[in-house]
2 protein chains.
Amino acid sequence: MKNAKISNAVIKRLPRYRRYLIELRKKGVEKISSKEFSNLIGYTASQIRQDLNNFGGFGQQGYGYSVDGLYDEISAILGLDKEYRMVIMGAGNLGQAIAKYTHFHKQGFKVCGVFEISPNLIGKDLDGIEIMDYENIVEYVEEEEIDIGIICVNQNNAQEVADKLSFAGVKGIWNFAPTDIEVPKHVALENVHLSDSLHSLAYHMNDIQKKDQSKEKAKKEE
Amino acid sequence: MKNAKISNAVIKRLPRYRRYLIELRKKGVEKISSKEFSNLIGYTASQIRQDLNNFGGFGQQGYGYSVDGLYDEISAILGLDKEYRMVIMGAGNLGQAIAKYTHFHKQGFKVCGVFEISPNLIGKDLDGIEIMDYENIVEYVEEEEIDIGIICVNQNNAQEVADKLSFAGVKGIWNFAPTDIEVPKHVALENVHLSDSLHSLAYHMNDIQKKDQSKEKAKKEE
DNA sequence: TAGATTGTTAATCGATTAACAATC
DNA sequence: TAGATTGTTAATCGATTAACAATC
């Protein structure tokens, strides 16, 4: 494995490669060339080879890539050969939904507990996961060896919660609050800005309509 | 407003500009220079000016940008001066959470209905939003003039639901299913691949740890 | 008018694509 | 050995940054 800094653009493509490899495996496909993979996934064959060669030579000349082998390699690169222990901060709609969503659990990301400040919610059970008092988050993270904190509190409290989680010693923060937060450099941060995503969708919807309208206009003027 | 194709990198930054402008407005700030904005938001002043000039000259030489004015311009560019009517496909945990999440509603994105295939859920009420039968989605979209379909069904049904929504005439699809779907070119598509995001977080967590370890090793070898 | 800051052109940087020698 | 396909270098493309004339 090489040592140079891998660009984020490459990292963002890895989970997608992995998803397609899972599908191929399901279908019993044993090998795939970069060209075949390109047709399937929509990246150029060249880009696929470049991306993979950031991490090592996983292919074999004249043959292609082993589907199983590549799947294992990418999983290892992403760190998906480990288990992760997570806490959810905030038991609002989103926090509760993520707590109940089994999809992550199946992939090795386990929600261990949910933390709340509201007394109405503390003590409740979410499909077997307890809602606990925000007061106790620091000791819980230490004792239960929590890796990841998921921020589902509102905008105004997001930074404070992030600070607390960082202090408590999580290695990563997954932020769903619609605001930018700052974390120490030894903590990894991934944002899911749902509103931003929706706004981007709105832009593209309007863009398509605008183009259609100008096309129609051009047609009439003919 | 210019006509050249705007790159997606620019579009993705617009909601973020807008968020910071909202904060500035709250604080009563009236004008901001690209340099001041740069310090705040973390993009270079040059990039800010480049980005904005894709859409028009919103600033004034020697002065800067009007916070209010720029907010309005960006909102209009994104199409946030309109209201959007949405349906949620799938009343699982995620679908229910989004239905109840008031944040989007406040920004002009209204969830009008939720659609399900499971008889146990059809007819139920989610904070005033009815869960309806998937059978009736096409006529509902037409009659209620739905703009956006939100896909919260599982991976295996996502493409079928997307096809149905496209046929029914939505202008945009917001996909939360952990798979890639295809839509006709007159339909805008925005994906929220939560698993991919989590995998990317895992990578960065491991990357930080690896670097820390090699640093420590280098220290010991001194 | 002088100072500040934009709008815009030019330079740089990084990411993607193309080409091809290496090799299975 | 011949054919296929990788790994990798070189070329291209696009996005970001720097520079500066225009102008408020």
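Inclusion of B:I74 among residues that are open to solvent by less than 10 Å² (accessible area, probe 1.4 Å), within 13 Å of chain A (Cβ to nearest Cβ) and within 15 Å of DNA strand C (Cβ to nearest atom) is warranted. Within the range A:56-64, the presence of a residue that is buried (at least 17 other Cβ atoms within 10 Å of the Cβ) and within 14 Å of chain B (Cβ to nearest Cβ) is excluded.
Taking the range B:65-100, which residues are over 29 Å from B:V29 (Cβ atoms) and either touching a helix residue (DSSP H, G or I) at 6+ places or on another chain (Cβ under 6 Å) or among the acidic types (D, E) (or both)? Selection gives B:I88, B:M89, B:N93, B:L94, B:A97, B:K100.
Considering only residues that are more than 26 Å from A:E83 (Cβ to Cβ) and facing chain A (nearest Cβ under 7 Å), look in the range B:165-222 and name the one that is surrounded by the most Cβ atoms within 10 Å (Cβ to Cβ).
B:W174
For the range A:37-107, give me every one of the helices (runs of 4 or more DSSP H) that falls completely inside it and has 2 or more residues that are within 15 Å of DNA strand D (Cβ to nearest atom). Show your work before the answer.
Values: elements: A:45-53, A:67-78, A:93-100, A:102-106.
Of the helices (runs of 4 or more DSSP H) lying wholly inside the range A:37-107, those with at least 2 residues that are within 15 Å of DNA strand D (Cβ to nearest atom) span A:45-53, A:67-78.
Does the range B:15-37 contain at least one residue that is more than 11 Å from chain A (Cβ to nearest Cβ), over 30 Å from B:E142 (Cβ atoms), surrounded by fewer than 16 Cβ atoms within 10 Å (Cβ to Cβ) and of a type in the set (A, V, I, L, M, F, W, C)? Yes, the range B:15-37 contains at least one residue that is more than 11 Å from chain A (Cβ to nearest Cβ), over 30 Å from B:E142 (Cβ atoms), surrounded by fewer than 16 Cβ atoms within 10 Å (Cβ to Cβ) and of a type in the set (A, V, I, L, M, F, W, C). Pairs meeting the criteria (first residue in the range B:93-115 and more than 13 Å from B:K82 (Cα to Cα), second residue in a helix (DSSP H, G or I) and among the charged types (D, E, K, R), beta carbons under 8 Å, at least 6 apart or on different chains) are B:N93/A:K100.
Within the range B:77-86, being surrounded by 16 or more Cβ atoms within 10 Å (Cβ to Cβ) and either farther than 19 Å from B:V10 by Cα or among the polar types (S, T, N, Q) (or both) holds for B:Y84, B:R85, B:M86. Number of residues in the range B:119-133 that are open to solvent by less than 30 Å² (accessible area, probe 1.4 Å) and under 16 Å from B:N157 (Cα atoms) equals 0.
Listed conditions (1) part of a helix (DSSP H, G or I); (2) of a type in the set (D, E, K, R); (3) touching a Lys or Arg at 6+ places or on another chain (Cβ under 7 Å) are all met by B:R25, apart from (3).
Of all residues assigned to the range A:151-166, none qualifies as being over 23 Å from the mean Cα position of the chain (by Cα), farther than 25 Å from B:Y101 by Cβ and modelled with pLDDT of 95 or more. For the range A:167-202, filtered to residues that are of a type in the set (G, A, S) and closer than 20 Å to B:L194 by Cβ, the residue that is farthest from the chain's Cα centre (by Cα) is A:S200.
The values are calculated or read from the model by the stated rules, or taken from the named source; none is laboratory data. Just so it is clear, the structure is predicted and the values come from calculations on it, not from any experiment. Heads up, the Cβs are rebuilt from the backbone with ideal geometry, glycines too, and the neighbour counts pull from every protein chain shown. Each accessible area value is taken on the protein alone, full model and side chains, heavy atoms only, with ligands, DNA and RNA left out. Shrake-Rupley method; radii C 1.70, N 1.55, O 1.52, S 1.80 Å.
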